[in-house]
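Before any comments, here is the structure.
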Amino acid sequence: MQSDPGFRVRRVYDPPEPADGLRVLVDRLWPRGLSKERAAVDEWLKDVTPSGGLRAAYHAGQVDFATFRVRYRAELAGPDHAAAVSHLLDLARTCTVTLVTAVKDPQRSHVSVLVDHLKRQRPV
């Protein structure tokens, strides 16, 4: 997935690369069957993930991706996610940040919405 120069996106199951910089897991649940050593995650930022209700509705097919994207963007703009979003933006000012996830298709998941939101928050 192509992402902003300050942010990369990779699957947590892929081996770490030197270009990853700081690896931040952006999933609410720990990836199944993966040890902490193999994940090589520097931070686990659960507070930037979609709410449990929104995540469950999307996975159950109760909302399509377009609806999910609108609702998650609203969550990201709210106070519950502000500190986590700010933290990611601060990290990206000093190094490359790789957002790692267990999802099979990052482009149709919360990760693509998160990257878009972060890009919109960064000064040009």
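One line per residue, one yes/no per condition, for (1) over 20 Å from LEU89 (Cα atoms); (2) of a type in the set (D, E, K, R):
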residue: ARG11; (1), (2): yes, yes
residue: ARG32; (1), (2): yes, yes
residue: LYS46; (1), (2): no, yes
residue: GLY53; (1), (2): yes, no
residue: HIS59; (1), (2): yes, no
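Within region 38-58, at least one residue is among the hydroxyl-bearing types (Ser, Thr, Tyr), under 14 Å from the mean Cα position of the chain (by Cα), buried (at least 16 other Cβ atoms within 10 Å of the Cβ) and outside any helix (DSSP H, G or I).
Considering region 76-107, the residues that are open to solvent by 40 Å² or more (accessible area, probe 1.4 Å) and touching a strand residue (DSSP E or B) at 6+ places or on another chain (Cβ under 7 Å) include one that is modelled with the lowest pLDDT, namely CYS95.
Selection of region 1-29 for residues being open to solvent by 30 Å² or more (accessible area, probe 1.4 Å), among the hydrophobic types (A, V, I, L, M, F, W, C) and at pLDDT below 95 yields MET1, ALA19, LEU29.
Could you please find all residues in region 1-28 being without any contact (Cβ under 8 Å) to a residue 60 or more places away in the chain and closer than 19 Å to ALA84 by Cβ? Across region 1-28, the qualifying residue is only ARG28.
Being in contact with a strand residue (DSSP E or B) (Cβ under 9 Å, 6 or more places away or on another chain) and not in a strand (DSSP E or B) is the filter here, so list the residues in region 14-37 that pass it.
From region 14-37, those in contact with a strand residue (DSSP E or B) (Cβ under 9 Å, 6 or more places away or on another chain) are 14, 16-17, 19-27, 30-31; that's our starting set.
Residues satisfying the conditions are ASP14, PRO16, GLU17, ALA19, ASP20, GLY21, VAL26, ASP27, TRP30, PRO31.
The values are calculated or read from the model by the stated rules, or taken from the named source; none is laboratory data. As the structure is a prediction and not an experimental result, all values here were calculated from the model. With ideal geometry, Cβ positions are generated from the backbone for all residues, glycine too; neighbour counts draw on all protein chains shown. Keep in mind that these areas ignore ligands, DNA and RNA; they rest on the heavy atoms of the full protein, side chains included. Shrake-Rupley method; radii C 1.70, N 1.55, O 1.52, S 1.80 Å.
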